[in-house]
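Trainee: Questions regarding the structure given below will be posed in turn.
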Amino acid sequence: MSIFFVPQTEDGVGSGRNTGAMPVNLELSSSASSSASSPAGTPAGTSDGGRIAVRAGTPSGSPDSDLVGQAHGAAARAARRAGVTVTDAAGLDELRAVEGLLVTVWSTSPLAPPLPSDLLRSISHAGCNVTAAYTLDGVLCGAAVAIVSPGASSMYSLIAGVLPGLADAGVGFALKQYQRAWALARGIDAMTWTFDPLVSRNARFNLTKLGAHAEEYLENFYGPMDDGINANDESDRLVAVWPLTSEESRSCSNGFPAVTDLPAHSPSDVRGLGPDGQPHLIDAGGSLWLRVPTDIVGLRGQDPALAAAWRVIVRETFNTAFAEGRTARGVTRSGWYRLAASGEPTTGEPAPGEPRTEGQS
């Protein structure tokens, strides 16, 4: 699962076991199994105000030292804007705290955490990524976990989440930029994860704010899920692909995502109506545009039948669009996916004169 998630509220920053909370997908040490600094204090060897823990220099074999440096700087700025310290978590007490945070975010029983601390310990010991974000008072407020195979050029984000109430604080964005820097420092140039296509806030975070894209749809990927976010629905997922070295991702990391706005359109541009009777598919501006609910988590509780109808129609639309060679590139604030045809530009122009505080919607 990525991209960090706060219940909706949000999936991720939700990702790996992408649930539906907002994933909100940076550890810069040379070894993920090295002991983490005390979260309450300023880690030794920190950069840019002590907000990003840098335990060692850039390893040899990194793809581009300038790009790695850019990623580190972007991660530090994101952490500073969010008012957090982002670092790797490796100690057992830290990992138990991460387990507890994930239980809170996904509203699961403490006896069935999304990722138990013993598994987190193994992931960290294997040299993979366990990232934690702390407030300046030392309180754990977000976490992200990703795995990577030896020699692989891509890493897979398992899960990411931030505490309820922090969806607009930029913590998720700081976590993902930290992971980007962590990956680039190790010669990894892409990250993938899954997310619920019906959770529009997370979709916008992943495809617009981070610069990822999707062209694969997985039906009921995890089977039945009984956590507080995903219960009473099938676990369909989109596969997010985040090219960490692309110009789009670099621009997003600096706080300048491409504009994704629904173009002006007329009734003749409408290609389908949603379960609520309103347009859900529009052909305008050279792209198809697909609408999803603004709060599917709330809708599941209020009207499960309507939520299920949305699942079916969105599934059918994505499968058809992907079979035609289209790619999901960007999501508007109001929940419209841009389904771009092959050959369409991947990005638009950054919004003029708009201050960027990433991680906010």
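The values are calculated or read from the model by the stated rules, or taken from the named source; none is laboratory data. Not measured: the values here are computed from a predicted model. Using ideal geometry, Cβ is built from the backbone for each residue, glycine included, and neighbour counts are taken over all protein chains shown.
Trainee: Right, Asp168: among the charged types (D, E, K, R), surrounded by fewer than 24 Cβ atoms within 10 Å (Cβ to Cβ) and closer than 20 Å to Thr332 by Cβ or not? It would help to see each step written out before you state the result.
Mentor: Values: among the charged types (D, E, K, R): yes; surrounded by fewer than 24 Cβ atoms within 10 Å (Cβ to Cβ): yes; closer than 20 Å to Thr332 by Cβ: yes.
Answer is yes for this residue.
Trainee: Show the residue pairs meeting these rules: Cβ distance below 8 Å; 6+ apart or different chains; first residue within the range 78-94 and under 13 Å from Val130 (Cα atoms); second residue β-branched (Val, Ile, Thr) and assigned to a helix (DSSP H, G or I).
Mentor: Ala89/Val98
Trainee: Here's something else I'd like to know. Can you say whether Leu95 is farther than 29 Å from Gly255 by Cα and either of a type outside the set (Gly, Ala, Ser) or buried (at least 20 other Cβ atoms within 10 Å of the Cβ) (or both), as far as the supplied structure shows? I'd like the intermediate steps shown before the answer.
Mentor: Working: farther than 29 Å from Gly255 by Cα: yes; either of a type outside the set (Gly, Ala, Ser) or buried (at least 20 other Cβ atoms within 10 Å of the Cβ) (or both): yes.
So Leu95 passes the test.
Trainee: Exactly one condition in (1) at pLDDT 95 or above; (2) crowded, with 21+ Cβ neighbours inside 10 Å is false for Gly161; which is it?
Mentor: That leaves (1) as the condition not met.
Trainee: Quick check on this structure: which one of Gly142, Gly172 is in contact with a helix residue (DSSP H, G or I) (Cβ under 6 Å, 6 or more places away or on another chain) and not in a loop (DSSP other than H, G, I, E, B)?
Mentor: Details: Gly172 fails: in contact with a helix residue (DSSP H, G or I) (Cβ under 6 Å, 6 or more places away or on another chain).
The unique qualifying residue is Gly142.
Trainee: Sort out which residues of the range 285-330 are outside any helix (DSSP H, G or I) and among the small types (Gly, Ala, Ser), and write them in order of number. Reasoning before the result, please.
Mentor: Applying the first criterion (outside any helix (DSSP H, G or I)) to the range 285-330 yields 285-295, 303, 324-330.
Within the range 285-330, Gly285, Gly286, Ser287, Gly325, Ala328, Gly330 meet the criteria.
Trainee: Please determine, by comparing only the residues of the range 98-139 that are of a type in the set (S, T, N, Q) and not in a loop (DSSP other than H, G, I, E, B), which one is surrounded by the most Cβ atoms within 10 Å (Cβ to Cβ). Lay out the reasoning, then the answer.
Mentor: The initial filter retains those residues of the range 98-139 that are of a type in the set (S, T, N, Q), namely 104, 107-109, 117, 122, 124, 129, 131, 135.
If we keep only those that are not in a loop (DSSP other than H, G, I, E, B) as well, we get 104, 117, 122, 124, 129, 131, 135.
Details: Thr104: 16, Ser117: 18, Ser122: 12, Ser124: 26, Asn129: 28, Thr131: 26, Thr135: 19.
Applying the filter and picking the extreme gives Asn129.
Trainee: Scan Ser200, Ser249, Ser235 and give me the residue that is touching a Ser or Thr at 6+ places or on another chain (Cβ under 8 Å) and not assigned by TED's automatic domain parsing to the domain that holds Ile296.
Mentor: On the way: Ser249 fails: touching a Ser or Thr at 6+ places or on another chain (Cβ under 8 Å); Ser235 fails: touching a Ser or Thr at 6+ places or on another chain (Cβ under 8 Å).
Being touching a Ser or Thr at 6+ places or on another chain (Cβ under 8 Å) and not assigned by TED's automatic domain parsing to the domain that holds Ile296 holds for just one of Ser200, Ser249, Ser235, which is Ser200.
Trainee: For the range 274-318, which residues satisfy the criterion of being within 20 Å of Val239 (Cβ to Cβ) and surrounded by fewer than 14 Cβ atoms within 10 Å (Cβ to Cβ)?
Mentor: Passing the criteria: Val312, Glu316.
Trainee: Let me ask something additional. Look through Ala240, Ala321, Ala328, Ala258 and report the one residue that is more than 20 Å from Asn202 (Cα to Cα), in contact with a strand residue (DSSP E or B) (Cβ under 8 Å, 6 or more places away or on another chain) and either crowded, with 18+ Cβ neighbours inside 10 Å or assigned by TED's automatic domain parsing to the domain that holds Leu210 (or both). Walk me through it before giving the result.
Mentor: Details: Ala240 fails: more than 20 Å from Asn202 (Cα to Cα); Ala328 fails: more than 20 Å from Asn202 (Cα to Cα); Ala258 fails: more than 20 Å from Asn202 (Cα to Cα).
Only one candidate passes the filter, namely Ala321.
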